[in-house]
Each structure stands twice: as structure tokens, then as C-alpha cells.
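Undergrad: Provided herewith is a single structure, encoded as C-alpha cells, for subsequent inquiry.
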Amino acid sequence: MFIRSKLIGFGHYLPKKILTNDDLSHMVETSDEWIRTRTGICYRHISESETTADMATKAASNALKSAGLTANDIDLVILASVTPDNTTPASAVKIARNLGVRAGIPAFDISAACSGFVYALTLADNMIRLGQIKTAIIIGAERLSKIVDWTDRNTCVLFGDGAGAAVLCAAESTGTNADTGVLSTCIYSDGSQYDNLQTDGGVSTTQNAGFVSMNGKEVFKHAVVSLSEAAENALQQAQIKKEDIDWLLPHQANIRIIDSVGERMELPKEKVIVTVDHHGNTSAASIPLALSENISAGRIKKGDIIVLTAMGAGFTWGGAVIRL
Ligand code: ACO
């Protein structure tokens, strides 16, 4: 018997407040035109009072509802985030409490920046295929507005807040690439790039979270290569041809990065999912948010093959092929 992880539910949540590029132009020396042309971002959602765990809980509840499950069915909770509510315990445990998940269930956070959701998917998928658990909820959620320096125009225009979640469950499969569910995952890191994208503080150094700082041009260059390679590797592992995919869903950092990845992979623009225009960069939340939004809008359909690819601070990167 061959076991795969099926993706059986999706949910997302965005805080109500919208911050437009024009709003930003009153805060720092920038313009709607600069932000649109250099990043593709038109507006982003910002949380006024909801924490990462609050937003994650809402996205997770929506995902459970769409899966037709209750918290009682969950065997594992993983949160991917760089903006947890507390340094310890893990916010995943708080989310488990909020959802009413039974005691004894493993719950933990993953810190892999913008690649966090792909890392969470990889771990949950492996645990399911090993038979350790049957059902998992994985969430990407961020309140990046709390680690952004709102006086730094180089970074503050790029980010937004939000959450997305997916429910995975064990399903008997054929073991061929005709199956539905997670068909492949791959994750990577390169510590030599540690300084190119980071917060300028942390618990064991400055005792505070610090603000995001980066070498934008280096990040851009590496992002295009890593995102394309991770997608190609995931496809190769799944033994799926590029021509057969329905969607490429890259991490939503910048439209120019997304377009370059699409071009490098020789994919038509219509197959590349874009949400950066109305979400900004929501780090670990970006992929599950885009997935859930496009599924609930009826754009991504049952049976579709989707390639996920992400890259972020570390650098970390990774890819996955899923069939709904
Ligand atoms: N408004 C107006 N001008 C700005 C702004 C702004 N918000 N930000 C920077 N500028 C100025 C700079 O000061 C610079 O001015 P100068 O020429 O007088 O020095 C000029 O614009 C050009 O700056 P560049 O850095 O060359 O602009 P570039 O075209 O490279 O775009 C950007 C910058 C958008 C950050 C780009 O490098 C990028 O997207 N990098 C990837 C970084 C990223 O997406 N990080 C997110 C996290 S990582 C991830 O998720 C993968």
C-alpha cells in the first residue's frame, strides 16, 4: 500500500486595514509609481491589533471547515513564521489551544522565512508518509508590520500581514505521478548568504526582534535562480513535465522576480499565479494565502497540478509539486 498526503482543505485570513502606496508616500519619500514599477505591489493588508496566532487561527479554522473536519481530527500543527507571538512557547501551541486541538498532539513553529510553508509541507508530508500521523494542519502566518522599520523606504514598501493554511491527510495511492496530493518536495539552505537578508536584532544578540534589512540586489539575483531551480528539481522528482503543469505558484516577493522565474522556466504568463499586487510580500504566508485565495475564487481547480517554489532569508529555498 502506498500512502500520500492529500491536500483536503485550505483557508486564509487578511486583516481589514489596507495600506496603499499613496498612504506610504505620506510616510516616507516614495511614490505609487516607484512601488508599482519596481515591485508590482499596489496595496497590502496591515494588522492593527491581531497577532500572528490570531490571524493563523482564523486561516486554520477556515481550512478545517473547508476540509469538513474538526480540531479533534488533527494529529499535528505546524506554523511557519518569523513573527511569532512570543519567543517561547511556539505560536503553533497557542493556535492548537485556540482551535481546541486535543492535548498530546505535536505542535511547533518553523523558522525558514519566506520558504517556511514549503518546509512545513515537507515535514508534514514526510510524517504522514511514514505513518506517524494521519492528519496535519500547516499554516503560514506573519505580522511583518511589526519587524518593518516604517522610516526605511528600502524595505517598508515591500511587506504585508496575513495568514494561509492547508489541511493534509493520509490517503492510499498508486505511487505514480497520476496520484492526487503531494507528489514531491525539496528544501535547501545556504548559510553563506546569512547576512544578505535578516533582521538587525534577535533574542540572543540585541534582546529585541530588530527590523528587516537586506541587500535587495543580491536577494533579487539569488531569488530568480533559486526559485527556478527549486521548481525544476521538484518537477524532476515528481517526474512531471513542465508542459503538464497547470500553475506555477512562486513566493510573492516582487513581480519582477516572479516574471523572471516564469521566463526562465519558459512558462506562459497565464500559468503563473500573482497576488503580490494586493498582498505585498507576506513571507511564510504568501504561498498558502495565494493557494487558498485562488482555490476559493474557483481559479485553481480539483485535479490541477501546481508547482510551489519559495526562497527567503538564510538563504533558504524549496519547491513542491502538488495535484489537488
Ligand atoms: N521609493 C522610492 N525610491 C526608492 C525606494 C522607494 N520605496 N526604495 C529605494 N529607492 C531608491 C534607492 O534609494 C535608489 O536610489 P539611488 O539610485 O538614488 O541610490 C533607487 O531607488 C534604486 O534602488 P535599487 O535598490 O537599485 O532599486 P531596485 O530596482 O533594485 O529595486 C528592490 C529595489 C525592489 C528592493 C529590489 O532590489 C528587490 O525587489 N529585491 C528583492 C528583495 C525582496 O523582494 N526582498 C523581500 C524579502 S526576500 C524574499 O522574499 C525573497
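Undergrad: So, of the residues in the stretch 271-280 that are closer than 30 Å to Leu24 by Cβ and part of a helix (DSSP H, G or I), which turns out to be farthest from the ligand (Cβ to nearest atom)? Give the steps one after another, and end with the answer.
TA: Residues of the stretch 271-280 that are closer than 30 Å to Leu24 by Cβ, as a first pass: 272-280.
If we keep only those that are part of a helix (DSSP H, G or I) too, we end up with 276-279.
Working: Val276: 9, Asp277: 14, His278: 16, His279: 12 Å.
That would be His278.
Undergrad: Something else about it: Name every residue in the stretch 236-262 that is charged (D, E, K, R) and either more than 16 Å from the ligand (Cβ to nearest atom) or within 18 Å of Asp179 (Cβ to Cβ) (or both), in order of residue number. Please lay out each step first, then the result.
TA: Kept after step one, since they are charged (D, E, K, R), are these residues of the stretch 236-262: 241-244, 246, 256, 259.
Lys241, Lys242, Glu243, Asp244, Asp246 - these are the residues of the stretch 236-262 that are charged (D, E, K, R) and either more than 16 Å from the ligand (Cβ to nearest atom) or within 18 Å of Asp179 (Cβ to Cβ) (or both).
Undergrad: Across the stretch 9-45, which residue is farthest from the ligand (Cβ to nearest atom) among those that are more than 18 Å from His251 (Cα to Cα) and in a strand (DSSP E or B)?
TA: It comes out as Gly9.
Undergrad: Oh, and also: Please determine, by comparing only the residues of the stretch 201-212 that are aliphatic (A, V, I, L, M) and more than 19 Å from the chain's Cα centre (by Cα), which one is surrounded by the most Cβ atoms within 10 Å (Cβ to Cβ). Write out each step before concluding.
TA: Applying the first criterion (aliphatic (A, V, I, L, M)) to the stretch 201-212 yields 203, 209, 212.
Then drop every residue that is not more than 19 Å from the chain's Cα centre (by Cα), which leaves 203, 209.
Working: Val203: 11, Ala209: 17.
That would be Ala209.
Rundown of residues vs (1) in the same structural domain as Thr39 (by TED's automatic domain parsing); (2) exposed (fewer than 14 other Cβ atoms within 10 Å of the Cβ); (3) within 10 Å of the ligand (Cβ to nearest atom), yes/no style:
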| site | (1), (2), (3) |
| --- | --- |
| Ile187 | no, no, no |
| Tyr194 | no, yes, no |
| Thr199 | no, no, no |
| Met214 | no, no, yes |
| Val219 | no, no, yes |
| Ser226 | no, no, yes |
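Undergrad: Let me ask something additional. Which one is farthest from Ala60 (Cα to Cα) among residues in the stretch 143-179 that are away from the ligand (no atom under 11 Å from the Cβ) and of a type in the set (D, E, K, R)?
TA: Once the filter is applied, the top-ranked residue is Asp149.
Undergrad: Now for a different question. Would you be able to say whether some residue in the stretch 226-242 is closer than 21 Å to Ala166 by Cα and among the polar types (S, T, N, Q)?
TA: no
Quick grid of which residues meet (1) assigned to a loop (DSSP other than H, G, I, E, B); (2) more than 18 Å from Ala290 (Cα to Cα):
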{"residue": "Thr83", "(1), (2)": "yes, yes"}
{"residue": "Thr88", "(1), (2)": "yes, yes"}
{"residue": "Ser115", "(1), (2)": "no, no"}
{"residue": "Leu123", "(1), (2)": "no, yes"}
{"residue": "Met127", "(1), (2)": "no, yes"}
{"residue": "Ala141", "(1), (2)": "no, no"}
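Undergrad: Let me ask you something else. Checking Arg129 against (1) closer than 30 Å to Asp200 by Cβ; (2) away from the ligand (no atom under 16 Å from the Cβ); (3) basic (Lys, Arg), only one condition comes out false. Which one?
TA: (1)
Undergrad: So which residues in the stretch 102-133 are buried (at least 17 other Cβ atoms within 10 Å of the Cβ) and at positive phi, if there are any at all?
TA: If the condition is that a residue be buried (at least 17 other Cβ atoms within 10 Å of the Cβ) and at positive phi, then Ala113 is the only one that fits.
The values are calculated or read from the model by the stated rules, or taken from the named source; none is laboratory data. Since the model is a prediction, treat every value here as computed from it, not as a measurement. Don't worry about glycine lacking a Cβ; one is built from the backbone with ideal geometry, like all the others, and counts go over all protein chains shown.
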